[in-house]
There are 4 protein chains.
Amino acid sequence: MRFFSDNAAPVHPAVLKAMAAADAVDTAYDGDALSRGLAARFSALFGQEVAALWVPTGTAANALALAALCPPYGGTICHRDAHVQNDECGAPEFFTHGAKLLLADGEGAKLTPDSVAAVADAIADDVHRVQPHALSITNATEYGCVYTPDEVAALAALAKARGWGLHMDGARFANAVVHLGCTAAELTRGVDVLSFGFVKNGGMSAEALVFFDPKLADATRRRRKRAGHLLSKGRYLAAQIHAMLDDDVWLDTARAANAAAQALAGAAGARLIHPVQANELFLRMTPEEAATLRADGFDFYDWAAGEVRLVTHWASPADEVAALARAIAAL
Amino acid sequence: MRFFSDNAAPVHPAVLKAMAAADAVDTAYDGDALSRGLAARFSALFGQEVAALWVPTGTAANALALAALCPPYGGTICHRDAHVQNDECGAPEFFTHGAKLLLADGEGAKLTPDSVAAVADAIADDVHRVQPHALSITNATEYGCVYTPDEVAALAALAKARGWGLHMDGARFANAVVHLGCTAAELTRGVDVLSFGFVKNGGMSAEALVFFDPKLADATRRRRKRAGHLLSKGRYLAAQIHAMLDDDVWLDTARAANAAAQALAGAAGARLIHPVQANELFLRMTPEEAATLRADGFDFYDWAAGEVRLVTHWASPADEVAALARAIAAL
Amino acid sequence: MRFFSDNAAPVHPAVLKAMAAADAVDTAYDGDALSRGLAARFSALFGQEVAALWVPTGTAANALALAALCPPYGGTICHRDAHVQNDECGAPEFFTHGAKLLLADGEGAKLTPDSVAAVADAIADDVHRVQPHALSITNATEYGCVYTPDEVAALAALAKARGWGLHMDGARFANAVVHLGCTAAELTRGVDVLSFGFVKNGGMSAEALVFFDPKLADATRRRRKRAGHLLSKGRYLAAQIHAMLDDDVWLDTARAANAAAQALAGAAGARLIHPVQANELFLRMTPEEAATLRADGFDFYDWAAGEVRLVTHWASPADEVAALARAIAAL
Amino acid sequence: MRFFSDNAAPVHPAVLKAMAAADAVDTAYDGDALSRGLAARFSALFGQEVAALWVPTGTAANALALAALCPPYGGTICHRDAHVQNDECGAPEFFTHGAKLLLADGEGAKLTPDSVAAVADAIADDVHRVQPHALSITNATEYGCVYTPDEVAALAALAKARGWGLHMDGARFANAVVHLGCTAAELTRGVDVLSFGFVKNGGMSAEALVFFDPKLADATRRRRKRAGHLLSKGRYLAAQIHAMLDDDVWLDTARAANAAAQALAGAAGARLIHPVQANELFLRMTPEEAATLRADGFDFYDWAAGEVRLVTHWASPADEVAALARAIAAL
């Protein structure tokens, strides 16, 4: 019974079906009809003209986004627990050619205008210090917390006032949207580039990079090829994204994952370190307690000393979720 | 009727079937059984212990291979018409952090020890000149020509004598193997890293990087992650490769592609610019002749002035191949 | 009366004289007798065979050193207030092609085995996290504190046990040596690469990179050229270094700078934030007090809120030092 | 008697004198009066507002210039015998983060609009090919040939029409100017960035980067620091440049070097491979003839089989030049 990652989930049947349907021969790379259709698809979703590119991983999406916003001699402010800082083996530094990540604080891995300004204001404006050029936030965050539209807008206002680009790592964007009950557009006001995640939410190997200023995508098309991320049979990636957007599959799968997390949250009670707003739970738990759960067949991740992480996903079996909730309550 | 790229071909049914079968939940990234099984699979194929990693594109495979063999301040000798030089938007330079490609000549995009030595010997051994650290060959070449095992061995001997690593871009390795009727092992004697292509040969989105010195793979595992090429659901890539190797599907598909090319070659006769040894044909053809073929519904690529490229693939319809052969003969 | 930087000091007359003497034509780049003589010179100083290269700046020295010790996908542990982290506009990231600086804590910008191990031990050993490959310390530190030979040796032991390279930023190495009364060799036991500073200590434009494993210098010679740091008239740089080493000028100038700092330290008393062990002083001081000193003609640097930095140098005029000491005491 | 490089020449006395005069303490880095005065100085020289930065080497100047004009995923067209391609150990690739040099042909290492357009027109405008973003020419060229103002203007017109930046490597700009008898401004119409060389012409360690669009310099100031090229005692570099510009020293020294070359050219006659328009001569010469000259005490560089290079400089002794001329004539 696996609760260690939404990356280990199966692929949604609609995605597999769409991939099989994409097998009809079409042009290579991203010249096919499915790939070319992404811009219109996301423009409709966001209610404005956007450019949209598929990439096979969230790490590629994030790193390409930062490279679009930050020059090699600049810096991007992010939370010190951000995925781009800790879990991508230096991908941002690789794609940006050595731009620095400038680390800010905040509860639940959420940045605030104050915590961001504190980092920026401590940097003297001279050539010795790396200057911020971008701000990167994750929604939902690495701790499963959600920025509201107003919180995003406040950070966007700060970024705009300082002349920075704003990137949103939306590996779990769907979980945030369904938690809030808002629209995708409402949650991205002022964002320049969104890494729109599908793989953790039922997809197989396709994430979308959404550029709210379509011109920003031009250089990224070249960086994508240069990074080896322009798949020659790109239609199989585009098909995944279309399938997830069709009939709001992406929202349904996120709702399922969030609901499973809520079921566990109810059982976890005072053990919760962060509010549960998406599909991740962080619990205080002694090693002995964790061992007890594992002896019962539950698999999950040790986070820090005395802390564990549980992750649900779109296909978490209801009986396994219920069993884990009971087991936690019984600790 | 499309003869412009083997990238535009459909995916082999065995591959699609294996991907669907991989949907059972397993560990993320490359910790799953299928991914972990690749080393044994390729070790058996090559008759020696190798390390093997999946990557989603041939460009990623090539660029990671060069980064494993050449430091940022070094150079890699390749043919001036090599894919790494002309068709990857600078991916080798990106992954190697600016190492240079040093361009050599040779008929049919095939290098010879003499043409390689000529490039190397013209480089003074001082800190002002970029020194060669690696040699990269493509088999079958960009012009559909095939290095024999002896030719590869001669280049490997030169590389070893000079202290260079040897990379083989095997985007069409299968086509070379079936053309020669040799084994994969015989065709890679002395090679350090092989980009073993599957996508042009019936796969969807998985190529293999084979390291004949397994230790060379360690840094590449980190570079792969850092480049955003460690897919979180890697089992779907590993499954493709296993499916292609099962029952020698990879050899059957290459044989079909080569046979289709031979059928066209017979019709092309004196128009052929290079011998046809794989699944690509380069023909002398006037613009008017090319227009005639296109008017008949054949789609292909203009190569250079007065030259066209035709590419067959594992699933090229027999009737379309026959029709094109007739049309060429009738020009 | 300038106390804001030892970078703003004049050049020692012996250096100017040696540069004029180097005007006799000799071979270009670093093939001249003076440049070729550096290895022997530093080997004698350190009592072991070393390789030594001149470079024009400390930033270049540090960044080349880190590039010699840390691959692009790795990390270097340093203090969060280190010059390499804060004052080089990302030079380490540029020269290492995006390796990360991993930030550790410690009083007076001094790392300890515990503070370093705490950073390293928190990094899971997988491909998602950037792994440490090197440790960089500054002696004397950015706060004018000095590591003793034993402290250096303890960090070197840790680095060796973990398989990391050890870099010492010795922009103020001379100040540390004279403070301790030890030898240069005693203070570099276990160090792999030393940035041996001369510019802050009376030189004009020459720092030395000392490789205690001479083989490590080979790639650096190429990186130096590739970074534009191989001056064509290198003899004028080598001459500076020889002049500083002749008759222990480098020790005399450091002694003078340290003595001036001590004179100020006596006056500063309880204002001192860090012990004064080199030529820098950090004082608690209100903006009003700072304004008073500036009104008296003293120029210095505001460090943080309520803190100022004073820097002495080899040629700080005795009367100005005395005047500043009196002024501080009178606040 | 050395004729192998103008890099091995002594430093002009006016330069040494100016450096000694710069010893008075001023602010560090490039905040001093001499450094700040460069923009006005070069603006006066070129008759338009320019930005001007010192750097210690021509390699740094060229590589920073290319980084200002060409993104990492782009290319710069240059002659295949250009210094940036052959003699900088990949500095352009390092500073541009892997942009490619695209090699064009031309007699005497001079590009023409036709030879440049031929390279560019062969590059398909898609994401697979690296697209040109800049053009780099060398004046005087690596073979001592000089572009006229009209020739520069024609290339500038091409660059502008294609949307490329134009860089001029002026390591021997002074030699070109005095050969033509034109002004510096006339020879740089349409140039975006000039590497204005002083070191080969009597300087010690200071070249100027001149940006004809001052805004282009902003990012370069950061790249310069990040590359370790912002010397902390920059006034000693600025002083060299001022001294060379004072009283047209730079023109006098170039005239002397060119005149020495003409004296040799007269003796070389039919041996000359290229017209002698600056201070370099390329002569056909058998190994036996070269050995004869060397036995007479002349030192020079073997260029290619049967070819030697002779270089004069501002201080080439008249008697040595005359002796070499006689010796060549006597071969």
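Key figures
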item	result
Of all DSSP beta bridges in the protein assembly as shown, antiparallel share, percent nearest 5	45
Span from the region C:153-214 Cα centroid across to the region C:264-331 one, whole angstrom	28
Karplus (6.51, -1.76, 1.60) ³J(HN,Hα), θ = phi - 60°, over region A:16-31, in Hz, Gly and Pro reported as x	4, 5, 5, 5, 4, 5, 7, 6, 4, 5, 9, 4, 7, 6, 10, x
Neighbouring partner chain Cβ atoms per residue of A:202-214, average, 10 Å criterion	2
Hydrodynamic radius by Kirkwood, which averages 1/r over all alpha carbon pairs of region D:112-241, in angstrom	16.1
Averaged over C:123-134, number of beta-carbon atoms from partner chains that fall within 10 Å	5
Charge dipole (debye, nearest 20) of region A:250-329; +1 at Cβ of Lys and Arg, -1 at Cβ of Asp and Glu	220
For q = 0.12, 0.14 Å⁻¹, Debye-computed log10 I/I(0) when each Cα of chain A counts as one equal scatterer	-0.82, -1.09
Copy-to-copy label separations for residue B:157, where each label sits 7 Å from Cα toward Cβ, in nm and ascending	5.4, 5.7, 7.5
For region A:43-88, Kirkwood radius (reciprocal of mean inverse C-alpha pair distance, Å)	12.5
Local electrostatic count, residue C:246, Cβ distance below 12 Å [Lys/Arg +1, Asp/Glu -1]	-1
Residues C:29, C:301, sorted so that the one with the fewest Cβ neighbours within 10 Å comes first	C:301, C:29
Top of B:81, B:299, B:169 by mean-square fluctuation, Gaussian network on chain B, Cα under 10 Å	B:299
Förster radius 25 Å - calculated FRET efficiency between residue D:21 and residue D:1 (Cβ-Cβ, nearest 0.05)	0.15
Centroid-to-centroid separation of region A:21-68 and region D:34-98 [C-alpha atoms, Å]	37
Nearest-first distances (nm) between copies at residue A:13, label 7 Å from Cα via Cβ	2.2, 9.3, 9.5
For region A:250-329, convex hull of alpha carbons as volume per residue, Å³	79
Debye, to nearest 20: dipole size of the protein assembly as shown, +1 on Lys, Arg Cβ, -1 on Asp, Glu Cβ	0
Cα principal axis extents for region A:201-286, largest first, Å	49, 28, 25
Rg/Rg_ref, the protein assembly as shown, where Rg_ref = 2.2 N^0.38 Å and atoms are Cα	0.96
Of B:256, B:227, B:124, the one that fluctuates the most in a GNM where chain B has Cα springs shorter than 10 Å	B:124
Value of relative contact order over chain D, rounded to a whole percent, pairs C-alpha under 8 Å and six or more apart	24
Residue order, fewest to most beta carbons within 10 Å, for A:45, C:324	A:45, C:324
Amide hydrogen neighbours beyond the local backbone of residue D:79, cut-off 5 Å, H modeled	D:104
Axis-nearest residue of B (beta carbon) for the B-onto-D rotation, whole Å	B:98, 2
Listed residue (B:217, B:174, B:275) projecting farthest to the positive dipole end of region B:164-280, Cβ model	B:217
Alpha carbon convex hull of region B:1-128, volume per residue in cubic angstrom	180
GNM top mover of B:70, B:145, B:89 - chain B, alpha-carbon springs below 10 Å	B:89
Ascending list, in nanometres, of distances separating the residue B:182 label from those of the other copies (7 Å, Cα toward Cβ)	5.7, 6.0, 6.2
Cβ-placed point charges (K, R +1; D, E -1), dipole of chain B about Cα centre in debye, nearest 20	740
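A short reminder: the numbers here are calculations on the coordinates, not readings from a lab. A quick note: this is a predicted structure, and the numbers were derived from the prediction, not measured. When we count neighbours, we look across all protein chains shown, and the Cβ atoms used for this are built from the backbone with ideal geometry, even at glycine.
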